[in-house]
Amino acid sequence: RGSEQSRPRDAVRAEIEALVAEGYREVTLLGQNIDSWGSDLSPKQSFADLLRDVGGVDGLARMRFVTSHPRYMSPRVIDAVAEVPALCPMFHIPFQSGDDGILRDMGRGHTAARYHEIVHNIRTRLPDAAITADAIVGFPGETEEQFENTLQLMRDVRFDQINTAAYSPRPHTP
């Protein structure tokens, strides 16, 4: 994957303006860890500020973004979704596991409690927002109890959709 690289705000806005001029009404911003957008720019910028800027393009009816990472998810992003009319109240935030030990072994940089906190913040600010996620099962060494912790997180959150996958080894993964 390489290191994250943020596109300059002006380039993102210009592309959205061009798409709207061509008749597109909906745009999806796509990034592996989209909430970290701008952290590599100088000066640093926030994803929430980008959403407020590009979400205000005249003629843009709807805008979505994927994929949020719990490590970078900010209440400011939730506020932007609540306040910018073009932003769809939908959050795709992979949790991968509901067990802190598995999350640590995966190197995810968040805990199940942190994930619950994010969901609580979304549901408090946007009670009808859709929350979708990804989960991985069968991580090496995962016990039945750890798997049950994942199922419990799923029951607690009541996701609108979950993409599930069985663990598969890849280069540079445990």
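The values are calculated or read from the model by the stated rules, or taken from the named source; none is laboratory data. Quick caveat: nothing in here was measured; it's all calculated off a predicted structure. Cβ sites come from the backbone with ideal geometry, for glycine too, and all protein chains shown count toward neighbours. Please note that ligands, DNA and RNA were not included when accessible areas were found on the heavy atoms of the full protein model with its side chains. Shrake-Rupley method; radii C 1.70, N 1.55, O 1.52, S 1.80 Å.
What the table below lists for this structure:
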quantity: Members of segment 18-48 found to be of a type in the set (Asp, Glu) and either within 15 Å of the chain's Cα centre (by Cα) or within 21 Å of Ala82 (Cβ to Cβ) (or both), listed by number; calculated: Glu26, Asp35
quantity: Filtered residues of segment 25-48 (kept if in a strand (DSSP E or B) and either open to solvent by less than 80 Å² (accessible area, probe 1.4 Å) or farther than 21 Å from Ala61 by Cβ (or both)); calculated: Glu26, Val27, Thr28, Leu29
quantity: Those residues of segment 8-24 which are closer than 20 Å to Asp35 by Cβ and either surrounded by 15 or more Cβ atoms within 10 Å (Cβ to Cβ) or among the small types (Gly, Ala, Ser) (or both), in sequence order; calculated: Arg9, Ala11, Val12, Arg13, Ile16
quantity: Unique residue being modelled with pLDDT under 95 and either in contact with a Ser or Thr (Cβ under 6 Å, 6 or more places away or on another chain) or not aromatic (Phe, Trp, Tyr) (or both) when the list is Arg62, Arg1; calculated: Arg1
quantity: Residue tally, condition within 12 Å of the chain's Cα centre (by Cα), small (Gly, Ala, Ser) and either buried (at least 17 other Cβ atoms within 10 Å of the Cβ) or not in a loop (DSSP other than H, G, I, E, B) (or both), over segment 49-75; calculated: 1
